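Take a look at the structure set out below.
The values are calculated or read from the model by the stated rules, or taken from the named source; none is laboratory data. What you are looking at is a predicted structure, and each value in this text was computed from that prediction instead of being measured. Positions of Cβ are generated from backbone atoms using ideal geometry, with glycine treated the same way; all protein chains shown enter the neighbour counts.
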Amino acid sequence: MIGPATMAMPQRTLAQTATPQQKQDAQKLSYGELLKKIDEGKVASIRIDKQRRLATLFLEGQNPEKDKPYTTDLMIDNSELVERLKANRTTVESKPTADNRELVGLLIQLFVVMFLIVGVIVILRRSANSPGGPGQALNFGKSKARFQMEAKTGVNFEDVAGIEEAKEELQEVVTFLKKPEKFTAIGARIPKGVLLIGPPGTGKTLLAKAIAGEAGVPFFSISGSEFVEMFVGVGASRVRDLFKKAKENAPCIIFIDEIDAVGRQRGVGIGGGNDEREQTLNQMLTEMDGFEGNSGVIVIAATNRPDVLDQALLRPGRFDRQVTVDLPAYNGRLQILGVHARSKKIADDVSLEAVARRTPGFSGAKLANLLNEAAILTARRRKEAMTMQEVEDAIDRITIGMKLTPLLDSKKKKLIAYHEVGHALLMTLLPHAEKLNKVTIIPRSGGIGGFAQQAYNEELVDSGLYSKAWILDSIRIMLGGRAAEEIVFGHDEVTIGASNDIKNVAEFAREMVTRYGMSELGLLAFESENEMYSGRGGSLSNTDHSEKLAIKIDQQVRSIANECHQDALNLLGQYRDLIDELVDKLLEEETVEGEDFIKVVEAFQAKHNIPVGAAT
């Protein structure tokens with residue numbers, strides 16, 4: 001709209017006529033003054049910027065090319081201003097000044113969205129390139145087995161020591177894979193599966209690596225837990241995919257570690273017979289021996305829980321052979337120590353034969369850890385080579401606990417010394433007990449204030465045929481610490497230090513009554529072994545007797561414990577003076593070896609004309 005004051009001006013907008021210098025030097029005009037000028041008809045043209053809430057105007061008689069414009073700050077609601085401008089027919093331009101804030105905000109939002117999209121693509125690509133990655137949404141059913149076309153495991157039978165019987169059984173498997181015609185020519189069938197059974201750390205996985213290394217055939221390795229997923233059918237699909245790949249690369253080896261994770265007996269779980277694990281097991285049974293042959297594929301599995309495996313998995317045709325990989329005997333331990341000692345700097349005084357005798361019941365993994373702990377102690381003590389002292393300390397650290405700071409001279413230290421001497425003296429005097437190895441009052445981690453250690457008879461430990469006399473002497477030894485406290489300090493001054501001993505006494509005595517038939521109740525078993533975790537629905541305690549008989553069992557258990565306690569009191573009472581002498585020696589040296597302890601006892605017996613080795 002063109003007002004009368006601007007008709008003589010050329011048709012140019014305020015933006016075209018106002019120069020930058022004019023805008024910079026603009027004169028301020030209040031809002032009230034602006035309204036007054038409009039009413040008086042003195043405003044020639046005006047430009048309104050709604051975003052900045054600013055009005056720029058020229059008054060009547062001003063030259064837009066030379067004069068400075070006026071500026072006025074506008075209010076939020078400018079309806080009154082607009083009405084007055086219309087009434088006075090003033091030229092109005094409402095084109096806003098350039099403002100890039102909206103454009104910048106839009107670009108920032110686009111950048112954030114693009115960044116998120118690129119990040120998701122990168123994650124998906126990395127997941128797709130990693131084996132078994134979580135991003136493989138379409139590959140849940142693919143096998144996660146590690147595959148080696150040429151089994152370069154770096155392990156052969158020379159590296160496996162201490163389990164010669166198992167190695168001989170598995171040598172034939174290697175021959176089957178290398179020269180199958182030698183057996184098929186006479187009608188022999190290649191075994192489909194070999195199950196390795198044994199305690200943890202005995203070398204089952206190492207044996208599987210050795211078989212693959214010796215045979216030089218493709219090798220698939222997988223854990224039983226990798227078959228089981230939260231999605232139904234995934235485990236069965238992975239089993240199918242694994243055996244499909246194996247058949248394509250036959251002859252080959254499939255090694256399944258911890259097969260009990262997927263091979264547990266069916267029908268005993270809460271989910272019944274339709275859960276994911278059981279479907280996976282059913283598929284594995286079919287693949288190992290179903291309608292379709294599985295020629296050239298040998299499955300080697302390892303477990304330390306054969307009692308929980310499904311019987312259909314154990315039958316011939318699936319696992320034709322079950323090889324027991326047991327804890328090594330003396331010769332086996334000596335060979336294992338020799339293998340692991342190759343990479344260690346060992347002093348000349350270290351006798352691996354002595355170490356092997358000191359470690360009955362140690363597995364191969366435990367023996368390897370023993371030498372590693374000894375090497376760590378050697379480095380900590382800044383020695384150039386491992387000595388027998390480090391090996392002995394490593395054995396004590398593994399079997400008993402870490403050595404702590406010795407106790408200061410106090411009543412507690414003296415009480416512990418009497419307690420441990422009570423155990424050690426009975427180990428020396430009782431005829432059916434294993435002899436003393438050493439006694440110490442140096443505390444160990446786990447709350448152990450001291451201990452008396454026996455040199456166990458390996459033949460007895462391996463056979464497991466413990467006599468009644470041996471069990472009774474063991475109970476007397478367990479009660480020796482409490483008996484020594486009662487003799488020296490009195491019945492009212494005994495401590496809770498014998499709590500673990502008393503617990504073991506109760507277990508030994510109850511087993512004599514309820515399982516071994518070594519009591520007045522006769523040759524009957526009143527309780528079976530705990531089958532709580534066998535997978536066959538066992539309960540926490542399986543008792544096969546009435547309440548009246550339970551009372552008699554408790555009486556027999558109490559009778560055995562009380563008689564053994566009285567025997568310990570009587571025997572230690574006869575050696576009361578010797579106990580004080582041994583305690584003084586132990587307090588002075590803190591650790592007394594078994595040989596030195598026995599010499600002191602024999603000298604006391606000779607001095608008092610007691611036959612050497614006599615208990616009374």
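For the reader, a short list of remarks on this structure follows.
- Any hit, region 163-172, residues being among the acidic types (Asp, Glu), surrounded by fewer than 17 Cβ atoms within 10 Å (Cβ to Cβ) and closer than 29 Å to Thr286 by Cα: yes
Residue-by-condition table, conditions (1) at pLDDT 80 or above; (2) farther than 22 Å from Gly32 by Cβ:
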position: Ala44; (1), (2): no, no
position: Gln51; (1), (2): no, yes
position: Glu60; (1), (2): no, no
position: Lys66; (1), (2): no, yes
position: Tyr70; (1), (2): no, no
position: Glu83; (1), (2): no, no
position: Asn88; (1), (2): no, no
position: Phe111; (1), (2): yes, yes
position: Ile117; (1), (2): yes, yes
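- For Pro360: the one exception among (1) closer than 30 Å to Leu572 by Cβ; (2) in a helix (DSSP H, G or I): (2)
- Scanning region 367-398 for residues that are part of a loop (DSSP other than H, G, I, E, B) and in contact with a helix residue (DSSP H, G or I) (Cβ under 9 Å, 6 or more places away or on another chain) yields Arg381, Lys383, Glu384, Ala385, Thr387.
- When residues of region 467-502 are limited to those that are hydroxyl-bearing (Ser, Thr, Tyr) and out of contact with any helix residue (DSSP H, G or I) (no Cβ under 7 Å at 6 or more places or on another chain), the one farthest from His432 (Cα to Cα): Ser499
- Extreme residue, surrounded by the most Cβ atoms within 10 Å (Cβ to Cβ), among residues of region 363-411 that are polar (S, T, N, Q) and over 24 Å from the mean Cα position of the chain (by Cα): Thr378
- Residues considered: Gly224, Gly203, Gly198. Of these, the only one that is modelled with pLDDT under 80 and either more than 25 Å from the chain's Cα centre (by Cα) or crowded, with 20+ Cβ neighbours inside 10 Å (or both) is Gly224.
- Here Ile398 meets the list (1) farther than 22 Å from Ile471 by Cβ; (2) in contact with a strand residue (DSSP E or B) (Cβ under 9 Å, 6 or more places away or on another chain) almost entirely, failing just condition (2).
- Whichever residue in region 247-265 is touching a helix residue (DSSP H, G or I) at 6+ places or on another chain (Cβ under 9 Å) and either outside the structural domain of Leu196 (by TED's automatic domain parsing) or more than 20 Å from Ile197 (Cβ to Cβ) (or both) and, among such residues, is surrounded by the most Cβ atoms within 10 Å (Cβ to Cβ): Cys252
- Residue pairs meeting the criteria (Cβ under 6 Å; at least 6 apart or on separate chains; first at negative phi, in region 592-610; second outside any helix (DSSP H, G or I) and buried (at least 17 other Cβ atoms within 10 Å of the Cβ)): Val592/Val439; Glu593/Lys438; Gly594/Leu436; Gly594/Asn437; Gly594/Lys438; Phe597/Leu436
- In region 137-161, residue nearest to Val239 (Cα to Cα) [restricted to those that are surrounded by 19 or more Cβ atoms within 10 Å (Cβ to Cβ) and at pLDDT 75 or above]: Val160
- Breaking point among (1) within 18 Å of Asp396 (Cβ to Cβ); (2) in contact (Cβ under 8 Å) with a residue 40 or more places away in the chain, for Asn500: (2)
- Residue within region 443-461 that is β-branched (Val, Ile, Thr) and not in a helix (DSSP H, G or I) present: yes
- Residues in region 294-316 that are part of a helix (DSSP H, G or I) and either outside the structural domain of Gly224 (by TED's automatic domain parsing) or under 24 Å from Asp241 (Cβ atoms) (or both): Ala312, Leu313.
- Yes/no for Lys345 being farther than 30 Å from Lys167 by Cβ and either over 30 Å from the mean Cα position of the chain (by Cα) or exposed (fewer than 15 other Cβ atoms within 10 Å of the Cβ) (or both): no
Conditions tested, residue by residue: (1) among the basic types (Lys, Arg); (2) crowded, with 16+ Cβ neighbours inside 10 Å; (3) on the phi < 0 side of the Ramachandran plot.
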| position | (1), (2), (3) |
| --- | --- |
| Gly447 | no, no, no |
| Ala452 | no, yes, yes |
| Asn457 | no, no, yes |
| Ser463 | no, no, yes |
| Ile477 | no, yes, yes |
| Glu485 | no, yes, yes |
